[in-house]
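The values are calculated or read from the model by the stated rules, or taken from the named source; none is laboratory data. Keep in mind that what you see is a predicted model, and the values were worked out from it rather than measured. For neighbour counting, all protein chains shown are included, and Cβ atoms are generated from backbone atoms with ideal geometry for every residue, glycine included. To get the accessible areas, we keep the full protein, side chains included, count just its heavy atoms, and leave off ligands, DNA and RNA. Shrake-Rupley method; radii C 1.70, N 1.55, O 1.52, S 1.80 Å.
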Amino acid sequence: MVNITDQNDIVLDILSRVQKALAAAKGELTPDLVKGVEADIRADWGSDRVFIAKRCGEGYGNRNSRIFRDYLAGERVKLLSRRYELSERQVLRIVKAPVK
């Protein structure tokens, strides 16, 4: 069973709902089951803008530390944005952020 730790994660929410519906239907995937899950998801998530991270499980802190380290080593922002699949603006936000 999917363990939802963040109610704002649409991917985990969808997986959890499908698992619950399949368990209730004793594993039989029917068109009515699919329509019901879809209706529930659209009711809760419809018209929302959601962000789905490309890398599950990797903390942003580790990635941001590597970006900052590479930037201090002289890497260009354009190269870092390509390497880490971020916009140049996001890379700049990371390297200009106050150190904690």
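Numbers at a glance
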read-out: Some residue of segment 13-25 being loosely packed, with under 10 Cβ neighbours inside 10 Å and either assigned to a loop (DSSP other than H, G, I, E, B) or modelled with pLDDT of 90 or more (or both); value: no
read-out: Answer residue from segment 58-76, given it is open to solvent by less than 80 Å² (accessible area, probe 1.4 Å) and assigned to a loop (DSSP other than H, G, I, E, B) and is modelled with the lowest pLDDT among those; value: 58
read-out: Answer residue from segment 85-100, given it is closer than 11 Å to residue 68 by Cβ and part of a loop (DSSP other than H, G, I, E, B) and is modelled with the lowest pLDDT among those; value: 99
read-out: Residues of segment 26-43 classified as open to solvent by less than 50 Å² (accessible area, probe 1.4 Å) and in a helix (DSSP H, G or I), total; value: 4
